[in-house]
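Have a look at the structure below, then the notes.
Bear in mind these aren't lab numbers, they're just calculated from the coordinates by the rules spelled out. In this text, all values refer to a predicted model and were calculated from it rather than measured experimentally. Reconstructed Cβ throughout: ideal geometry from the backbone, glycine too, with neighbour counts over all protein chains shown.
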Amino acid sequence: MQKISVYYESWSPQWTDDPKKISLSKISYPTSIVNISFAQPNCTYVLGQKSWHGTGLNFSQDFWVICEAIKILKQKQIKVMLSVGGGSYWSDHNVVYNPFNCIALMTDLGCDGIDLDWEVGQAYDYQLTDAIRNTKPLMPKNAFLTFAGTSTGAFGKTGNGDNYQGMNIHALVNQGKNIDWVNIMAYDAGPTYDPIGALECYRMYFSGPLLLGFEIGDMAWGGYKITLRDVVNWCSRTLKESKENGVFIWAYHKDPAGTPTVQDIITIASALV
């Protein structure tokens, strides 16, 4: 069964002290994975702390409210991942990554695993490899470990100045065996970018599930906005490539200012076999 994943921005939900009323707990099938975004790599959280101090997560709700909302999701058989990093936190290669503290936060929240969103650049590609290598031994036995790959992260390095091109190959080659799936950020790359070409490049280095990413609304960079036709085409080709593949959406609360919406993509993806 294909995976349908959403990235859930911790800074976006309206305040409530009722776990049943927050938008997080209302996510339901056919969504199968929710990525809580974003914990900071140098997280200082300690087991049992149960507060947002030092985590980087921007929830206005109390810690216990989010824990209960995550319990509701898990009762629906939805996996919940703690996403660590993102462009804002990890754009500086000098940022220290504290896997022990991130795993403590994951554990207290009741998440099912960690999604590494490392976005430093090809000159420091070994850092993602090290992050995976240092995280895996500390993880609970049944926890998942994934990462978000950049749009051109599996393209061959050409030396043309693209800091992101080829930046994920080192980790795929050296630590791919410790990754459960890869989220391909197939956006913010301009109107000529080919998401299916990116999927094929990631497949050259990784045999596991690949989730092709869609950014709704105006992209942060590149001047392109996806269409319903794009969604149908890219979803179909991704799921045809492997029945274990899937899609993800950035981001759950983002206003698309038209179509496709988050629900449009979920509906289209879930209808394809």
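Going 7 Å from the Cα of residue 240 in the Cα-to-Cβ direction, what parts of the stretch 190-208 have a backbone nitrogen less than 15 Å from that spot? Zone members listed by number: 195-197, 199-200. With 5 Å bins from zero, work out the P(r) of the stretch 166-273 over every alpha carbon pair and list the percent per bin. Cα pair-distance distribution for the stretch 166-273, in percent: 2, 12, 24, 24, 19, 12, 6, 1, 0. Among the trypsin sites (Lys or Arg not before Pro) in the stretch 131-212, those placed in a DSSP loop whose Cβ has at most 14 other Cβ atoms within 10 Å are 141, 157. Computed packing ranks the peptides 243-250, 187-194 as 243-250, 187-194, most packed first, by mean other Cβ atoms within 10 Å. Membrane-span-like helices in the chain (whole DSSP H runs, Cα extent of at least 18 Å along the helix axis, mean Kyte-Doolittle hydropathy of at least -1.0): 63-75, 228-241.
If you filter the stretch 73-175 for chymotrypsin sites (Phe, Trp or Tyr not before Pro), then keep DSSP loop positions with at most 15 other Cβ within 10 Å, what is left? Before the final figure, lay out each step's value.
Values: sites: 89, 90, 97, 100, 118, 124, 126, 144, 147, 155, 164; in loops: 97, 118, 155, 164.
Here no chymotrypsin sites (Phe, Trp or Tyr not before Pro) fit, given the DSSP loop and packing criteria.
Would any residue of the stretch 49-82 have its amide N under 15 Å from a label point 7 Å out along Cα→Cβ of residue 96? List them or say none. Label zone hits: 54-55. For the stretch 1-114, the orientation-averaged shadow of the C-alpha convex hull comes to 6.9 nm² (one quarter of the hull surface). Of the trypsin sites (Lys or Arg not before Pro) in the stretch 1-100, the ones in a loop by DSSP (not H, G, I, E or B) with at most 11 other beta carbons within 10 Å are 20.
Listing 78, 196 from fewest to most neighbouring C-beta atoms within 10 Å gives 196, 78.
Cross-link check: pairs 74/243; 74/254; 3/71; 225/254; 20/76 evaluated at a Cα-Cα cut-off of 18 Å; pairs beyond the cut-off: 74/243; 74/254; 3/71. For Rg/Rh (Cα atoms, Kirkwood Rh), the candidate list reads (1) 1.01; (2) 0.97; (3) 0.94; the entry that matches the value derived from this model is (3). Just check the stretch 83-215 against the gyration tensor rule for me: Cα atoms, a ≥ b ≥ c as the square roots of the eigenvalues, rounded for a/c under 1.5, and otherwise prolate or oblate depending on whether a/b exceeds b/c. Prolate is the answer for the stretch 83-215, as a/c is 1.5 or above and a/b outweighs b/c. Taken along the Cα-to-beta-carbon direction at a fixed 7 Å, the label points for residue 23 and residue 194 span 3.5 nm.
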